[in-house]
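Below is one structure, written out as structure tokens; the observations come after it.
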Amino acid sequence: MSRPIISINDVSKRYILRHSVGRDATIRGESGLSLRNTVADALHSVTRCFRPNAVNPRLERSEFWALRDVSFDVARGKVVGLIGRNGAGKSTMLKILSRIVDPSAGSIHLRGRVASLLEVGTGFHPELSGRENIYLNGAILGMKRVEIRRKFDEIVAFSEIEKFLDTPVKRYSSGMFVRLAFAVAAHLEPEILIVDEVLAVGDYAFQKKCLGKMRDVASGDGRTVLFVSHNMGALSQLCDDGVLLEDGQVTMIGPVEAVVKKYMKTGVGENAAFAEFDEDPARDCQFLAVEILHADGGHASDFSCDEPIQLRFQYKVRRPISESYLTFYLQNQEGTRVLYSDIRDLDPETPERLGVGVHTFNITIPARLLGATTYLLTVGSAGKYAGVIDHHYDCCEFTLRDLAIQDQSRPGVLGIQLPWKHDGATFAEVAN
């Protein structure tokens, strides 16, 4: 039996967090720290110039384990999906496999050349052109110039950026970055291809093209793909197996359909109908809150199919972004995206740029539109040139129940009741 191309053995990753510990005082600054503590911080900063290893006694230290005792193998030629909610440890695992960060404990064994597509722009020099970055990435992978030249035309054709090939990539949009980065990673013949959620930046047609290429890479060339996505439909179509991560630990390994089904049943926790997000002053725009509401205005996560569902989004704009829009989609328990909408549905004349301030949007999902099952809500915002601005996967959840059907289920994704007309005899006459 051949050895697995990826072996992960009891891998853990620990981060050390330090945060200030306030003290009681009568005079406080804007930060909430006392005047005495502010002076103490200033003196400590001076001390650090002479004693760089000195530790501020008021910085409390705590540990955060992003991964804990993770073990699994990946066979050569397999496509494996890493599945889990935000903060589950997926991206940390990929960074360890890509040699970007080291594990705190455990070991990994990679038996082949690795190409990674993680965050937008990773591995690209912003001052170099697209052409130069293709050769740079090939060199990083250990390829000779003649090997890169042999694949060059395929990379350019796949990325669809011929007109901008000699433009510095710092002038590329996020979508152009992803096009070129994926084309390079997929065509330079790595034995292991690692792809994170970064593909969400591209348009739908290009995402579909990338998924097809990953399938070809695995099935035709016998290479291995490790894929992270919140698109359960894409994972189900592309992957052979799945690994479910929860709070940094593996909770299930198996056929991808079974892993997706378990993931969709885990839910989003007690506050399924309300999600609030910390403000980040460094962000141009961001979601502040997402709510699922009953007709009476209260939060609800359980509805009859005969009831409308109200969604409410609070979105803060600090610095306007041109040609940007808000969007959401619903995903059912099978991982199928059953409903998509964005702000452009509001009105064809919707302003291309939201002004500074907090904006509240209300969306009503009509009664009897959706079938009876549990749905996960994902919200996001993006710009034509800015790419992904803010994104919150599976942030809320609700369940629809068809109370009109007692002894039988109503199959199908939609729950619409259609008008039926019966021409001719009445039902009673037919029965006789």
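The values are calculated or read from the model by the stated rules, or taken from the named source; none is laboratory data. Computed from a predicted structure; not experimentally measured. Note that we place each Cβ from the backbone using ideal geometry, even for glycine, and neighbour counts take in every protein chain shown.
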- Name the residues in segment 346-373 that are at pLDDT 85 or above and farther than 18 Å from GLY415 by Cβ, would you? LEU354, GLY355, VAL356, GLY357, VAL358, HIS359, THR360, PHE361, ASN362
- Message: Which condition from (1) among the β-branched types (Val, Ile, Thr); (2) without any contact (Cβ under 8 Å) to a residue 40 or more places away in the chain; (3) part of a helix (DSSP H, G or I) is the one that ILE148 breaks?
- Response: (2)
- Report whether or not SER159 is in contact with a Pro (Cβ under 7 Å, 6 or more places away or on another chain) and either assigned by TED's automatic domain parsing to the domain that holds VAL195 or at pLDDT below 90 (or both). no
- Residues within segment 278-309 that are within 12 Å of CYS396 (Cβ to Cβ) and at pLDDT 90 or above, tallied: 7
- Item | In segment 374-385, residue modelled with the lowest pLDDT [restricted to those that are closer than 22 Å to ALA275 by Cβ and of a type in the set (Ser, Thr, Tyr)] | THR374
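Residues in segment 123-130: is at least one at pLDDT 90 or above, over 30 Å from ASN9 (Cα atoms) and crowded, with 20+ Cβ neighbours inside 10 Å? Working first, answer last.
Taking segment 123-130 first, the residues at pLDDT 90 or above are 127-130.
Still in the running and over 30 Å from ASN9 (Cα atoms): 127-130.
Next, from what is left, pick out any that are crowded, with 20+ Cβ neighbours inside 10 Å: 130.
Yes, segment 123-130 contains a residue that is at pLDDT 90 or above, over 30 Å from ASN9 (Cα atoms) and crowded, with 20+ Cβ neighbours inside 10 Å.
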- For GLY84, indicate whether it is under 22 Å from the mean Cα position of the chain (by Cα), crowded, with 20+ Cβ neighbours inside 10 Å and not aliphatic (A, V, I, L, M). yes
- For segment 181-193, indicate whether the set of residues that are hydrophobic (A, V, I, L, M, F, W, C) and more than 18 Å from ARG223 (Cβ to Cβ) is non-empty. no
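Can you tell me which residue within segment 44-83, out of those that are part of a loop (DSSP other than H, G, I, E, B), over 30 Å from MET252 (Cβ atoms) and basic (Lys, Arg), is modelled with the lowest pLDDT?
First, pick out the residues of segment 44-83 that are part of a loop (DSSP other than H, G, I, E, B): 51-58, 75-78.
Add one more test, that the residue is over 30 Å from MET252 (Cβ atoms), and what stays is 51-58.
Now narrow it down to the ones that are basic (Lys, Arg): 51, 58.
On the way: ARG51: 59, ARG58: 55.
Out of the qualifying residues, it is ARG58.
Are any residues in segment 151-199 among the hydroxyl-bearing types (Ser, Thr, Tyr) and in a helix (DSSP H, G or I), and if so, which ones?
SER159, SER174 - these are the residues of segment 151-199 that are among the hydroxyl-bearing types (Ser, Thr, Tyr) and in a helix (DSSP H, G or I).
To keep it simple, each residue is scored yes or no on (1) surrounded by 16 or more Cβ atoms within 10 Å (Cβ to Cβ); (2) outside the structural domain of LEU330 (by TED's automatic domain parsing); (3) under 21 Å from ARG150 (Cβ atoms).
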{"site": "THR167", "(1), (2), (3)": "no, yes, no"}
{"site": "ALA183", "(1), (2), (3)": "yes, yes, yes"}
{"site": "ALA186", "(1), (2), (3)": "yes, yes, yes"}
{"site": "ASP196", "(1), (2), (3)": "yes, yes, no"}
{"site": "ASP216", "(1), (2), (3)": "no, yes, yes"}
{"site": "VAL228", "(1), (2), (3)": "yes, yes, no"}
{"site": "GLN237", "(1), (2), (3)": "no, yes, no"}
{"site": "LEU245", "(1), (2), (3)": "yes, yes, no"}
{"site": "ILE253", "(1), (2), (3)": "no, yes, no"}
- Query: ARG99 fails exactly one of the following numbered conditions: (1) at pLDDT below 90; (2) closer than 17 Å to ARG223 by Cβ. What is the number of that condition?
  - Reply: (2)
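Within segment 141-153, which residues are in contact with a helix residue (DSSP H, G or I) (Cβ under 8 Å, 6 or more places away or on another chain) and surrounded by 13 or more Cβ atoms within 10 Å (Cβ to Cβ)? Reasoning before the result, please.
Applying the first criterion (in contact with a helix residue (DSSP H, G or I) (Cβ under 8 Å, 6 or more places away or on another chain)) to segment 141-153 yields 145, 147-148, 151-152.
GLU147, ILE148, LYS151, PHE152, listed by residue number.
Any idea which residue in segment 313-348 is surrounded by the fewest Cβ atoms within 10 Å (Cβ to Cβ), counting only those that are under 24 Å from LEU235 (Cα atoms) and free of Cβ contacts under 8 Å to residues at least 40 places away in the same chain? Step through it out loud before you land on a result.
Filtering segment 313-348 down to residues under 24 Å from LEU235 (Cα atoms) leaves 327-342.
Now narrow it down to the ones that are free of Cβ contacts under 8 Å to residues at least 40 places away in the same chain: 339-342.
Numbers: LEU339: 16, TYR340: 12, SER341: 15, ASP342: 15.
Among those that are under 24 Å from LEU235 (Cα atoms) and free of Cβ contacts under 8 Å to residues at least 40 places away in the same chain, it is TYR340.
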- Task: State the number of residues belonging to segment 114-144 that are assigned to a loop (DSSP other than H, G, I, E, B) and under 30 Å from TRP65 (Cβ atoms).
- Result: 6
